[in-house]
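The values are calculated or read from the model by the stated rules, or taken from the named source; none is laboratory data. The structure presented is a predicted model; accordingly, all values stated were derived computationally and were not measured. Reconstructed Cβ throughout: ideal geometry from the backbone, glycine too, with neighbour counts over all protein chains shown.
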Amino acid sequence: MPELPEVEAARRAIEEHCIGKKIVKSIIADDNKVIDGVSASDFEASVLGKTILSAHRKGKNLWLRLDSPPFPSFQFGMTGAIYIKGVAVTQYKRSAVKDTDEWPSKYSKFFVELDDGLELSFTDKRRFAKVRLLNDPTSVPPISELGPDALLEPMTVDEFTDSLSKKKITIKALLLDQSYISGIGNWIADEVLYQAKIHPLQTAASLSKESCATLLKCIKEVIEKALEVGADSSQFPSNWIFHSREKKPGKAFVDGKKIDFITAGGRTTAYVPELQKLNGVQAAKAVGKPRKQVPKGEDSKDDDKYNSGDESESDGEEIAENEI
């Protein structure tokens, strides 16, 4: 699913190709599950003739600032994606629309043509995204409820250490909590914990200052590296756990070390037991549930549940990845 790097790559593409251009045509899908709080016809009328002045992002949310409100806002959900016709924008496999498919795609929820002929579309195959029309996207949920952006508003080591020391939730669940820090989703959380050699079920408050500093450094490095290659996962470093997260249990390895799968923070979680060990009193406790076998490239039913806004509990722990 799209996380901070994928959404930021989309924002940068819009900024590079669409700023200063007027919307001369608009087609909004008649889909009230995705188009939230406004009719398709009213949405189309509200953006037609407006000029795109800038593109903004916080966490996994993106919005366009036009020359007058209201402004289109996009919550990417599980498979939301930005496409600009004729422009290479990052594609992730669960959202990918083939070049040979019809244009705009049958999955398009928001389509505009600009005055120079450029065409932009926001698609969503699985309909967990939300497209809204807001006077001030930052002042209302979901954006108003987000914690600091993991890229734009990084904490200092002291701030991060002090903050974690007060959290009795497991570290994977906390990283997924968008009200704590925004932009980190399942794959980034697994990656940074693997690189920091921290078990996903380690309680945040039990981490040493050294571990906190390492984790903060890994968050920065993973996000920056992903952005350096345009969020193109095929170009992520070969020694990232990312590339083996969806392999079957028993067949997943990174740098020759076995990957195991558990449930942490309500999500299927990949980790390397040889490197990521529970410390302190938690070392004596059982780890999470075994991962259900899922066809490669598909989300589990649990992942669907947590990403559709269901805030039920799992393993007695609050589900922390509020998809906001």
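Residue check, K109 against (1) surrounded by fewer than 18 Cβ atoms within 10 Å (Cβ to Cβ); (2) touching a strand residue (DSSP E or B) at 6+ places or on another chain (Cβ under 9 Å), all met but one. Which one?
Of everything listed in (1) surrounded by fewer than 18 Cβ atoms within 10 Å (Cβ to Cβ); (2) touching a strand residue (DSSP E or B) at 6+ places or on another chain (Cβ under 9 Å), K109 misses just condition (1).
Test A55 against the criterion of being buried (at least 19 other Cβ atoms within 10 Å of the Cβ), touching a helix residue (DSSP H, G or I) at 6+ places or on another chain (Cβ under 6 Å) and not in a helix (DSSP H, G or I), and give yes or no.
Against the criterion (buried (at least 19 other Cβ atoms within 10 Å of the Cβ), touching a helix residue (DSSP H, G or I) at 6+ places or on another chain (Cβ under 6 Å) and not in a helix (DSSP H, G or I)), A55 qualifies.
Does the stretch 191-213 hold any residues that are more than 13 Å from Y271 (Cβ to Cβ), hydrophobic (A, V, I, L, M, F, W, C) and outside any loop (DSSP other than H, G, I, E, B), and which are they?
Correct list: A204, A205, C212, A213.
Considering every residue within the stretch 103-122, establish whether at least one is in contact with a Gly (Cβ under 7 Å, 6 or more places away or on another chain) and either over 23 Å from V34 (Cβ atoms) or not assigned by the TED database to the domain that holds T214 (or both).
Yes, because at least one residue in the stretch 103-122 is in contact with a Gly (Cβ under 7 Å, 6 or more places away or on another chain) and either over 23 Å from V34 (Cβ atoms) or not assigned by the TED database to the domain that holds T214 (or both).
Being surrounded by 24 or more Cβ atoms within 10 Å (Cβ to Cβ) and not polar (S, T, N, Q) narrows it down to one residue among L175, L207; which is it?
From the options L175, L207, the qualifying one is L175.
Yes or no: A231 assigned by the TED database to the domain that holds T263, touching a residue at least 60 places away in the same chain (Cβ under 8 Å), farther than 19 Å from I259 by Cβ and not in a helix (DSSP H, G or I)?
Yes; evaluated as a whole, the condition is true for this residue.
Does the stretch 197-212 contain at least one residue that is over 23 Å from V281 (Cβ atoms) and β-branched (V, I, T)?
No, the conditions are met nowhere in the stretch 197-212.
Any residue at all in the stretch 26-37 that's more than 23 Å from K125 (Cα to Cα), at pLDDT 95 or above and either more than 26 Å from the chain's Cα centre (by Cα) or not assigned by the TED database to the domain that holds L118 (or both)?
no
So D30 fits all but one of (1) assigned to a loop (DSSP other than H, G, I, E, B); (2) of a type in the set (D, E, K, R); (3) crowded, with 20+ Cβ neighbours inside 10 Å; what number is the exception?
In the conditions (1) assigned to a loop (DSSP other than H, G, I, E, B); (2) of a type in the set (D, E, K, R); (3) crowded, with 20+ Cβ neighbours inside 10 Å, D30 misses (3) alone.
On the given criteria, is K167 of a type outside the set (A, V, I, L, M, F, W, C) and surrounded by fewer than 18 Cβ atoms within 10 Å (Cβ to Cβ)?
Yes: the conditions hold for K167.
Those residues that are touching a Ser or Thr at 6+ places or on another chain (Cβ under 9 Å) and assigned to a loop (DSSP other than H, G, I, E, B), I need them from the stretch 13-27; list them, please.
I19, G20, K21
How many residues does the stretch 240-282 hold that are assigned to a loop (DSSP other than H, G, I, E, B), among the acidic types (D, E) and surrounded by 14 or more Cβ atoms within 10 Å (Cβ to Cβ)?
Residues that pass the stated criteria total 1.
Considering I223, I184, I188, I219, which residue is in the same structural domain as P273 (by the TED database), touching a residue at least 60 places away in the same chain (Cβ under 8 Å), in a loop (DSSP other than H, G, I, E, B) and among the β-branched types (V, I, T)?
None of the others qualify; the one that does is I184.
Pick from the stretch 9-51 the residues that are in contact with a helix residue (DSSP H, G or I) (Cβ under 6 Å, 6 or more places away or on another chain) and in contact (Cβ under 8 Å) with a residue 40 or more places away in the chain: which of them is farthest from N186 (Cα to Cα)?
Out of the qualifying residues, it is I23.
Give the stretch 12-27 a look and list any residue that's buried (at least 19 other Cβ atoms within 10 Å of the Cβ) and closer than 16 Å to R57 by Cα, or say none.
Answer for the stretch 12-27, where residues must be buried (at least 19 other Cβ atoms within 10 Å of the Cβ) and closer than 16 Å to R57 by Cα: A13, I14, C18.
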